[in-house]
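We did not get these values from a lab; they are worked out from the coordinates using the rules stated. Source: prediction; values computed, not measured.
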Amino acid sequence: MASSFSAARRARQVALCLLILADAAQARAAPVAAPERKLKAAYLYRVATFVDWPDAAFPRPGSPLKVGVAGDDALADEAERYMAGRLVHGHSLAVQRIDPARAVPPGLQVLYVAPGPARTRLLDAVRSRPVLTVCDGAPVQGCVIGLVQDGARLRLHIDRPEALAAQLRISARLLALSAW
């Protein structure tokens with residue numbers, strides 16, 4: 001029984017990786033970006049497809065899903081290219097660069113925070129709001145998803161209590177892929 005569970009989990013992991021790689025292969029022709037940034041942009045998009053936000057997270061039903069990127073302008077550029085023309089749950093995607101030295105603008109549904117001295121302040125600014133926070137490394141307080149480097153791979157670490165505090169519903173399929 002345990003081996004069939006782990007085989008099923010492995011199959012789900014492989015399926016998600018293939019989806020991410022297929023999306024990366026379809027990315028529009030653009031200036032060369034570091035492979036890590038392309039992969040992170042793909043993860044930001046794919047992860048969002050497995051998350052449900054409360055209706056109150058959007059000003060109107062057709063509002064765009066806003067993805068903020070703080071502290072990594074090159075990743076914001078790559079995410080903008082990658083997400084152009086794509087939808088998440090019927091919402092178009094809008095990428096915003098967030099200056100780590102300034103306040104987090106209202107209305108974000110996703111916030112990627114690069115490592116840096118402003119990380120804690122930025123995460124605290126959106127704490128308990130319906131914002132999917134994504135950080136490099138294992139999640140710190142206020143971070144829902146950590147992108148953990150494991151050799152040449154990125155693995156997900158999902159902090160379920162943080163997701164609940166943010167009023168986010170994360171698909172069981174994504175939770176099954178969490179590294180921890």
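Any idea what the relative contact order of the range 37-116 is, in percent, if you count C-alpha pairs under 8 Å spaced at least 6 apart? Numbers along the way, then the final one.
Details: 115 pairs, mean separation 31.6, N = 80.
39 percent.
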> Residues with amide H under 5 Å of residue 111's amide H, sequence separation 5 or more or different chain, H placed in the peptide plane at 1.01 Å from N; which?
Replying inline: 68, 132, 133, 134
